[in-house]
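Engineer: Provided herewith is a single structure, encoded as structure tokens, for subsequent inquiry.
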Amino acid sequence: MSGSWRWDDLKIVLAIAEERTLAGAARRLAVNHATAFRRLKAVESSFGTRLFERQSGTYTATAMGELMVDSARRVAAEASNIERKLAGRDQQLEGTLRITTTDTLLTGVLTNSLADFRRLHPAISLEVVVSNRTLNITRRDADIAIRPTNRPPDTLVGHRLGWIDMAVYGDIEGMAADSSNWVGVDARMGYPALDAWLSSQAGVIGYRADSMLAMLTAVRSGIGKGVLPCYLAENDVGLVRKGKPIPTLRTELWMLTHPDLRRNARVMALFDFLRKRMQKRGDFARLPAQ
């Protein structure tokens, strides 16, 4: 082994190990597929050994690769720790603030509020990562997460912004005909409570999607009935609600950050702004009086 370790070498190895695909690692590091491949080949050439076995597009670390991954995780954790502590002391209302949230929350709840926040704080640039996966705030994949959860991680701190109600919706013609076809949630979306409700209550699930926006589009198109967030579907003129919200699917909406970042001026500014905005709106998730 003749190579010497550099931080960039560790980052590409760690990204491939955790994402399991080269495409996923490239997205995580914000480089293209070819660049990620060249960087991996350069690292393996430098150390004179194969770090990953490749099979059907999936990368699995070899024994030597595991050693490097372990080292990469330790270095990354320490680097993230230092970065967070420094960022937590930042009292400037300027710079970048990275937010992660879901596609439906951004579309149905947050975009107008974030636009108003930018007008109030033009020196703060917002980067919004739309993902139905939970990003790692500990390693600063994002500074703030705005997500539905009834169990916020113990490692994060934040505020509950409200509640999200879910109900059955369908297109006007389908509901009039009382169609037995349903639009379901894909397992990759990670919503077991909804999947369980559909399994026990729904008819034929002939269409599944891993995004609420995709489910909304499918329901609106008449593919079948579906369970959707009330804040997203209630005012859609193409949809009709059947019955009241489903109590077992009610979810809290949380705004979360790492404890090291809670004194960061940009984080505090957005926390205060969104908390006040949601209070003015009242419980955005609840339906009008029936």
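Engineer: From (1) under 25 Å from MET278 (Cβ atoms); (2) in a strand (DSSP E or B); (3) in the same structural domain as GLY170 (by TED's automatic domain parsing), pick out the condition that doesn't hold for LEU216.
Structural biologist: (2)
Engineer: If SER71 passes every condition in (1) surrounded by fewer than 18 Cβ atoms within 10 Å (Cβ to Cβ); (2) under 24 Å from VAL129 (Cα atoms); (3) touching a residue at least 24 places away in the same chain (Cβ under 8 Å) but one, which one does it miss?
Structural biologist: With respect to (1) surrounded by fewer than 18 Cβ atoms within 10 Å (Cβ to Cβ); (2) under 24 Å from VAL129 (Cα atoms); (3) touching a residue at least 24 places away in the same chain (Cβ under 8 Å), SER71 is out only on (2).
Engineer: So ALA193 ticks every box in (1) in contact (Cβ under 8 Å) with a residue 40 or more places away in the chain; (2) buried (at least 18 other Cβ atoms within 10 Å of the Cβ); (3) not charged (D, E, K, R) but one. Which box is left unticked?
Structural biologist: Checking ALA193 against (1) in contact (Cβ under 8 Å) with a residue 40 or more places away in the chain; (2) buried (at least 18 other Cβ atoms within 10 Å of the Cβ); (3) not charged (D, E, K, R), the one that fails is (2).
Engineer: Checking LEU105 against (1) part of a helix (DSSP H, G or I); (2) under 21 Å from the mean Cα position of the chain (by Cα); (3) at pLDDT below 90; (4) not polar (S, T, N, Q): exactly one of these is not met. Which one?
Structural biologist: Of the numbered conditions (1) part of a helix (DSSP H, G or I); (2) under 21 Å from the mean Cα position of the chain (by Cα); (3) at pLDDT below 90; (4) not polar (S, T, N, Q), the odd one out for LEU105 is (3).
Engineer: If I ask for residues that are in contact with a Phe, Trp or Tyr (Cβ under 6 Å, 6 or more places away or on another chain) and under 22 Å from LEU106 (Cα atoms), which ones from the range 199-218 would you list?
Structural biologist: Hit for the range 199-218 is ALA218, nothing else.
Each row is one residue, and each column tells you yes or no for (1) more than 30 Å from MET268 (Cβ to Cβ); (2) surrounded by fewer than 18 Cβ atoms within 10 Å (Cβ to Cβ); (3) free of Cβ contacts under 8 Å to residues at least 60 places away in the same chain.
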| position | (1), (2), (3) |
| --- | --- |
| ILE144 | no, no, no |
| GLY158 | no, no, no |
| ASP165 | no, no, no |
| TRP182 | yes, no, yes |
| TRP197 | yes, no, yes |
| ARG208 | yes, no, yes |
| THR217 | yes, yes, yes |
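Engineer: Are any residues in the range 22-50 assigned to a loop (DSSP other than H, G, I, E, B) and loosely packed, with under 15 Cβ neighbours inside 10 Å, and if so, which ones?
Structural biologist: Hits for the range 22-50 are ALA30, ASN32, GLY48, ARG50.
Engineer: Of the residues that sit in the range 1-18 and are in a helix (DSSP H, G or I) and free of Cβ contacts under 8 Å to residues at least 24 places away in the same chain, which one is surrounded by the fewest Cβ atoms within 10 Å (Cβ to Cβ)?
Structural biologist: Per the stated criteria, the residue is GLU18.
The values are calculated or read from the model by the stated rules, or taken from the named source; none is laboratory data. This is a predicted model, so every value here is computed, not measured. Using ideal geometry, Cβ is built from the backbone for each residue, glycine included, and neighbour counts are taken over all protein chains shown.
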